[in-house]
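Here is the structure we will look at, set down as structure tokens.
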Amino acid sequence: MANTLKLEIVTPDRKVLSEEVEYVGAPGIMGEFGVLPSHVPFLSALGVGNLHYKQGGKAFYVFVAGGFAEVSNNQVTVLAEVAEMATEIDIDRAQKAKARAEERAAKVKEKQEATRTQAALRRAVSRLNCKSSGKSAGTC
């Protein structure tokens, strides 16, 4: 299949995804990047956000937080600290995590704690955004 590339997403706990896809967009730490079939090889650290891919003309979403993405030989390998398909995200849990992070952010005095709190808030908001992007079975 010359018009597709292999996308594999793994975490320390499990293989999240292994599919032939048409496009991958991911949140690099320096900004989002996109990969099409026959892309030049590269390696990028991942930030917190929503990875999206196209398969059969439909968009699918995966929340990722931290890790690396490697592109080579018509394959994108994502080694993420955290990765959840949009369909797997528990919206109530994410909303509670967001509320806790916002509450902590209002009380924070130390710079280190502020950094941790902002990271927790970013993760919660990204999960909620991913879930709302993938309302119908992970597609939009």
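The values are calculated or read from the model by the stated rules, or taken from the named source; none is laboratory data. Being a predicted model, the structure only gives us computed values, none of them experimental. For neighbour counting, all protein chains shown are included, and Cβ atoms are generated from backbone atoms with ideal geometry for every residue, glycine included.
Within region 20-49, residues that are more than 20 Å from Val82 (Cα to Cα) and assigned by TED's automatic domain parsing to the domain that holds Val76 sit with their Cβ atoms under 6 Å from residues that are part of a strand (DSSP E or B) and of a type in the set (A, V, I, L, M), at 6+ positions apart or across chains, in these pairs: Val21/Leu7; Val35/Val24; Val35/Val71; Val35/Val76; Pro37/Leu5; His39/Val71; Pro41/Val71; Phe42/Val71.
Results for (1) modelled with pLDDT under 95; (2) under 15 Å from Val21 (Cβ atoms), shown as yes or no for each residue.
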{"residue": "Pro41", "(1), (2)": "no, no"}
{"residue": "Ser44", "(1), (2)": "no, no"}
{"residue": "Val48", "(1), (2)": "yes, no"}
{"residue": "Lys54", "(1), (2)": "no, yes"}
{"residue": "Phe63", "(1), (2)": "yes, no"}
{"residue": "Gly66", "(1), (2)": "yes, no"}
{"residue": "Glu70", "(1), (2)": "no, no"}
{"residue": "Glu81", "(1), (2)": "yes, no"}
{"residue": "Thr87", "(1), (2)": "yes, no"}
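Checking each residue in region 77-100 for being surrounded by 14 or more Cβ atoms within 10 Å (Cβ to Cβ) and in contact (Cβ under 8 Å) with a residue 60 or more places away in the chain picks out Thr77, Val78, Leu79, Ala80, Val82, Ala83, Glu84, Met85. Every condition in (1) over 16 Å from Arg123 (Cβ atoms); (2) crowded, with 19+ Cβ neighbours inside 10 Å; (3) not aromatic (Phe, Trp, Tyr) holds for Asn3 except the one numbered (2).
Looking at Tyr61, Tyr53, which one is in contact with a helix residue (DSSP H, G or I) (Cβ under 6 Å, 6 or more places away or on another chain) and of a type outside the set (A, V, I, L, M)? The conditions single out Tyr61. Exactly one residue out of Glu32, Glu22 is surrounded by fewer than 20 Cβ atoms within 10 Å (Cβ to Cβ) and in contact with a Lys or Arg (Cβ under 9 Å, 6 or more places away or on another chain), and it is Glu22.
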